């Protein structure tokens, strides 16, 4: 089976991240599949809503597949990676159709990035959200993604999650406003996602597009903040190389701050 699946059900496009044995960890081809689907949804007038979900019920997406970081040696590798990923996230965020993330299980790292650029997030009770890089890899979110998440859950909550490397459970995510609904099971989540997407597909499309664009303009009104130095500092560090090797070896990393 492909690692990413696309189908259309009436006016709703569905994308399923399909590596359940790897907790749907994202490969670069999977990211490209999302980019291509964003373009396809945008240009198809018959599609009025897009749902993104993960296969297996145990993970939406457990971040980027860590094995793809093994060849990173310079800060420029990190900047190229962030540019590549932000191209995908921006394509989802800028899709003129409403996008729903239906989240069951782990939604961390790059998976959280994908869910964060969707317009709505609903989740099953087993969902967990976070960016545990301070415990695992020693890298950092891009400034753009920090801006996105701070707008969604506030700076204090974001620092809490990153500084402690903890995962936010579904009830906390609901309380924080990161998700709009919590369902009991992954099966109930799938049924609710289908019903919600069909309901939204029946709304006035220009109204929905205008709302999306207006909210993004408000977030960007503060201007572009430079952050490449922070990305290269973390991704180009000895700590990041140690974090990747420790993750793959299933051992605890030894941080040196260098």
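Brief remarks follow.
- Residue 89 vs. criteria modelled with pLDDT under 90 and under 13 Å from the mean Cα position of the chain (by Cα): no
- Residues being over 19 Å from residue 60 (Cβ atoms), out of contact with any helix residue (DSSP H, G or I) (no Cβ under 7 Å at 6 or more places or on another chain) and not in a helix (DSSP H, G or I) - total across the range 129-163: 2
Yes/no matrix, rows are residues, columns are (1) surrounded by fewer than 20 Cβ atoms within 10 Å (Cβ to Cβ); (2) more than 15 Å from the chain's Cα centre (by Cα); (3) within 30 Å of residue 143 (Cβ to Cβ):
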site: 6; (1), (2), (3): yes, yes, no
site: 12; (1), (2), (3): no, yes, no
site: 22; (1), (2), (3): yes, yes, yes
site: 38; (1), (2), (3): no, no, yes
site: 42; (1), (2), (3): yes, yes, yes
site: 45; (1), (2), (3): yes, yes, no
site: 72; (1), (2), (3): yes, yes, yes
site: 78; (1), (2), (3): no, yes, yes
site: 82; (1), (2), (3): no, no, yes
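- Evaluation of residue 106 against the conditions (1) farther than 22 Å from residue 251 by Cα; (2) surrounded by 22 or more Cβ atoms within 10 Å (Cβ to Cβ); (3) at pLDDT 95 or above shows that the sole unmet condition is (1).
- Selection of the range 44-72 for residues being closer than 23 Å to residue 248 by Cα and without any contact (Cβ under 8 Å) to a residue 40 or more places away in the chain yields only 71.
The values are calculated or read from the model by the stated rules, or taken from the named source; none is laboratory data. Worth saying up front: this structure is predicted, and the values here are computed from it rather than measured. Here the Cβ is made from the backbone with ideal geometry for all residues, glycine too, and neighbour counts use every protein chain on show.
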